[in-house]
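Since every read-out is calculated from the coordinates, none of them should be taken as a lab result. Predicted, not measured: the structure shown is a model, and the values here were computed from it. Here Cβ is always computed from backbone atoms with ideal geometry, including for glycine, and neighbour counts include all displayed protein chains.
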Amino acid sequence: MSEPLTIREPGDAIAAVPFMLGFHPADSLVCLAFGGPRRACAIRQDLPGADEHTAAVVARNGFTRAVVLGYGDAARVEGAAAALCAALARHGVAVVDALRVLGDRWWPLACAGGPAAASCPPEGRAAGTAAARVTAEAVYAGHAAFASRADLARSVARVEGAARVAMRAATARAEIRFADLTESGGTAAAEGVPFVAELLERHRADGLLPDDDDLAWLGVLLTAPRVRDEAWVRVRGDDPAADVEFWRDATRRVARRYAAAPASLLAYAAYVRGDGALANVALDRALDAAPAYSMALLLREAAALGVPPAAIRLRLTPDDLEVISDRTRKP
């Protein structure tokens with residue numbers, strides 16, 4: 001998230017989690033970690049998952065405190081939450097609260113300690129005005145939370161209907177154009193490096209997204225690693241919002257066989273922005289198109305290890321990349 005949210009009480013945490021994840025969790029266990037050198041983060045697992053991995057990631061990234069939230073029925077939440085609380089304690093992370101959330105109500109869990117769980121009414125407690133305040137802060141800061149992870153995934157799914165038909169025709173034209181290029185002695189790198197730079201700069205200048213023919217041509221050219229890497233180093237790590245918009249659109253519109261590169265670029269832009277949920281659904285798209293795609297596998301491994309966004313940012317410039325490319329081309 002680009003702007004931190006203020007969390008003072010349980011209702012704040014419950015309200016903040018959907019905006020930190022990018023969607024409203026269900027049948028989930030969430031660890032909201034904070035109190036370290038980095039901004040707070042939320043790590044989600046499907047119920048009944050509760051293993052050492054989440055606790056290890058939290059501790060490795062220097063977080064000292066956590067709130068555990070379980071979303072679902074008590075029978076599914078309580079055991080998993082207790083196991084996660086115990087794992088966090090083993091890793092030296094203090095659990096300051098543990099809550100079960102169902103709909104707009106919450107219940108304290110005994111694994112956090114203290115008398116609150118015993119004194120909670122059977123019907124639970126309402127999130128109240130605290131949730132409204134945090135939600136208002138998040139919306140004002142431009143954050144959004146999809147209704148579910150499935151809805152988030154649909155935000156990067158392929159376009160349908162007339163848009164897909166139009167892109168299919170544009171892709172066929174691009175493939176013929178690429179065949180003509182190679183037959184005449186041209187290369188994807190020579191054609192693609194200036195082309196991807198032009199499209200990205202145009203989008204940043206005026207917000208225009210590529211038309212069908214330009215996007216289909218870009219999709220074909222991105223199969224060349226040099227072109228993909230040019231796009232990669234041009235993602236603005238300090239302000240990737242425009243890159244997220246550009247590569248989300250490209251991921252949705254290119255033909256499936258060309259989706260691995262734009263989906264991986266979307267995942268990277270989302271990751272450096274701190275949007276791990278969007279990064280993960282983008283990686284799903286990339287690996288569905290090409291299960292062995294190296295960039296997607298690298299980013300998925302980084303996410304699994306909990307590598308912070310600042311640590312994954314590329315420090316290369318387009319000029320640096322050109323120098324490296326020149327060296328590798330020399331005999």
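Applied to the range 214-219, the Karplus parametrisation 6.51 cos²θ - 1.76 cosθ + 1.60 on θ = phi - 60° returns per-residue 3J(HN,Hα) values of 5, 5, 4, 5, 4, x Hz, with x for Gly and Pro.
Dividing the summed helix terms, -39500 (n - 2.57) for each DSSP H run of n ≥ 4, by the number of residues in the chain produces a 222 nm estimate of -18000 deg cm²/dmol to the nearest 500. In 20 Å bins starting at zero, report the fraction of Cα pairs in the chain per bin as a rounded %. P(r) for the chain, in whole percents per bin: 29, 49, 19, 2. Taking the longest Cα principal axis of the chain as reference, the axis of helix 188-206 is set at about 60 degrees.
Loop sites here are trypsin sites (Lys or Arg not before Pro) outside DSSP states H, G, I, E and B with no more than 10 other Cβ atoms within 10 Å. The longest part of the chain free of them is 9-314. Relative to the longest principal axis of the Cα atoms of the chain, the long axis of helix 74-90 makes an angle of roughly 80 degrees.
One Cα centroid belongs to the range 20-67, the other to the range 287-304; the line between them spans 22 Å. Within the shell of other residues whose beta carbon sits under 10 angstrom from the beta carbon of residue 76, the net charge comes to -2, with Lys and Arg scored +1 and Asp and Glu -1. The relative contact order of the chain comes to 15 percent, based on Cα pairs under 8 Å that sit 6 or more residues apart.
Working note: Cα atoms of the range 285-331, range along each principal axis, descending, whole Å: 36, 27, 16.
Remark: relative contact order (the range 155-329) = 23 percent; criterion is Cα-Cα distance under 8 angstrom and separation of 6 or more residues.
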